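Some notes on the structure that comes next.
The values are calculated or read from the model by the stated rules, or taken from the named source; none is laboratory data. Owing to the predicted nature of the structure, the values given are computational and were not obtained by experimental measurement. Every residue, glycine among them, receives a Cβ derived from its backbone with ideal geometry; neighbour counts consider all protein chains shown. Note: accessible area is taken over every heavy atom of the protein model, side chains too, but ligands, DNA and RNA are not part of it. Shrake-Rupley method; radii C 1.70, N 1.55, O 1.52, S 1.80 Å.
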Amino acid sequence: MLTARFPAVMGILNVTPDSFSDGGRFETLDAAVARARQMIDEGADIIDIGGESTRPGADPVPADVERERVIPVLKAIRAFSDIPVSVDTSSPEVIEAAAQAGASMINDVRALRRDGALAAAAATGLPICLMHMKGDPKTMQADPHYDDVVSEVIDFFMSRIGACESAGIDRDRLVLDPGFGFGKTPAHNLTLVNRLGMLKDLGRPLLVGLSRKSTIAKILAGGSADLVLGSVAGAVVAVLRGADIVRVHDVGPTVQALRVTTAIQRENISGN
Ligand code: YH5
């Protein structure tokens with residue numbers, strides 16, 4: 001079992017050099033572990049560690065660099081907590097090392113399309129999050145087009161579920177994510193949140209990451225520079241529309257908002 005509580009809050013732990021200010025190796029490890037502890041204290045259900053920046057325009061990172069960023073942090077978290085940890089990676093080498101170091105899920109923004117990734121993921125036996133992305137991080141935000149964004153995302157998932165099953169990954173290991181901001185305009189992103197129910201019909205848990213993304217920033221432009229409340233609102237709507245896991249930076253505020261959301265949905269103040 002990946003997690004007991006649904007909807008689950010996944011806290012984002014970036015371990016790219018730009019995330020923790022000055023980047024001496026042990027200092028960076030300490031800062032990452034401190035941030036993980038803080039997110040656990042704030043009620044995170046899952047920690048998602050990522051060592052490759054996939055922001056629009058970012059360049060790919062060599063696998064050994066990514067592995068050296070991610071694995072020590074995963075091991076350090078494992079030394080004090082058995083919280084589920086997912087590793088945000090597309091690289092077969094990192095998938096394998098993450099599984100050996102105690103990862104609970106592989107989260108791949110490229111949906112196991114890199115050479116060797118399907119086989120590496122199959123061998124881990126772990127749950128896998130398949131995210132939809134049109135294009136690659138370097139170019140994806142240059143004028144993305146769809147005839148029908150929801151159908152195209154569904155077709156993509158059906159094709160990737162098929163590829164997974166052929167590689168020996170049962171569909172009951174899969175989590176699906178529409179990939180907000182990955183080759184999509186703000187209008188595409190908003191349509192996808194509203195139509196999560198159609199993705200839900202694929203019968204798998206849905207993961208949604210809207211936190212602090214540029215669609216939220218664009219909606220709030222001219223207002224607050226603080227993206228926390230907008231991101232929390234996005235997480236609440238995503239859960240009302242069927243998201244099972246929300247991937248967020250601001251764990252404490254999201255956990256509180258979702259406690260109220262689920263208490264109302266279930267008409268039970270303890271949210272059970
Ligand atoms: C995701 O949605 N996203 S990394 C740009 C931002 C803010 C945040 C311009 N990994 C996802 O978080 N994995 C990332 O402001 C992910 N789903 C899954 N499954 C990008 C990111 C971000 C990008």
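Between Asn268 and Leu190, take the C-beta separation as r, use R0 = 25 Å, and let me know the FRET efficiency to the nearest 0.05.
0.25
So for each of 185-194, 138-147, 98-107 I average, over its residues, the number of other beta carbons within 10 Å; can you give me the resulting order with the highest mean first?
Descending packing order for the listed peptides: 98-107, 185-194, 138-147.
Quick one: net charge of Thr139's neighbours, Cβ under 15 Å, K/R +1, D/E -1?
Once all neighbours under 15 Å are counted, the net charge is +2.
When you take every Cα atom in the stretch 28-72, what is the radius of gyration, and what is Dmax, the widest Cα pair distance, in Å?
12.4, 33
What distance in nm separates the two pseudo spin-label positions at Ala34 and Ser166, each 7 Å out from Cα along the beta-carbon direction?
Distance between label points: 4.9 nm.
Over its Cα atoms, what ratio of radius of gyration to 2.2 N^0.38 Å does the stretch 126-221 give?
So the Cα radius of gyration is 1.09 times the expected 2.2 N^0.38 Å.
Can you compute the equivalent ellipsoid semi-axes for the stretch 51-140, i.e. the square root of 5 times each eigenvalue of the Cα gyration tensor, sorted largest first and rounded to whole Å?
Values for the stretch 51-140, descending: 22, 15, 11 Å.
Any chance you could count the Lys pairs in the chain whose alpha carbons are under 16 Å apart, treating pairs 8 or more apart or on different chains as valid?
For the chain, qualifying lysine pairs total 4.
How large is log10 I(q)/I(0) at q = 0.08, 0.10, 0.13 Å⁻¹ when the Debye formula is applied to the Cα atoms of the stretch 1-150, each weighted equally and without solvent?
Listed by q, the Debye log ratios stand at -0.22, -0.35, -0.59.
Run the numbers for Arg55 and Asp143: contour at 0.36 nm per residue of separation, minus the present Cα-Cα distance, in nm.
Separation in residues times 0.36 nm, less the Cα-Cα distance, equals 30.1 nm.
Carbon and sulfur atoms: what percent of the 1.4 Å accessible area of the chain do they account for?
Exposed carbon and sulfur together represent 53 percent of the surface.
Find how many whole Å separate the alpha carbon centroid of the stretch 240-272 from the alpha carbon centroid of the stretch 59-84.
Centre-to-centre (Cα) distance: 28 Å.
Place a +1 charge on the Cβ of each Lys and Arg in the chain and a -1 charge on the Cβ of each Asp and Glu, then give the dipole magnitude about the Cα centre in debye, rounded to the nearest 20. Mind dumping the intermediate values first?
Details: 28 positive and 34 negative charges, 99 e Å.
Approximately 480 debye in magnitude.
Skip the ligands, DNA and RNA, and give the accessible area per residue of the chain with a 1.4 Å probe, whole Å².
On a per-residue basis, the chain sits at 45 Å².
Let me know the Kirkwood hydrodynamic radius for the stretch 99-258, please, with Cα pairs as the basis and the value in Å to one decimal.
16.4
With each pseudo-label sitting 7 Å past Cα toward Cβ, what's the Ser214-Ser151 distance in nm, one decimal?
Rounded to a tenth, the inter-label distance reads 2.8 nm.
Write down the Kirkwood hydrodynamic radius of the chain, to one decimal in angstroms, obtained as one divided by the mean of 1/r over all alpha carbon pairs.
Roughly 18.8 Å, rounded to one decimal.
Determine the gain in length on full extension of the stretch Ala233-Phe6; use 0.36 nm per residue of separation and subtract their C-alpha separation, reporting nm with one decimal. Numbers along the way, then the final one.
Working: separation 227, 0.36 × 227 = 81.72 nm, distance 1.75 nm.
So the chain would gain 80.0 nm between Ala233 and Phe6.
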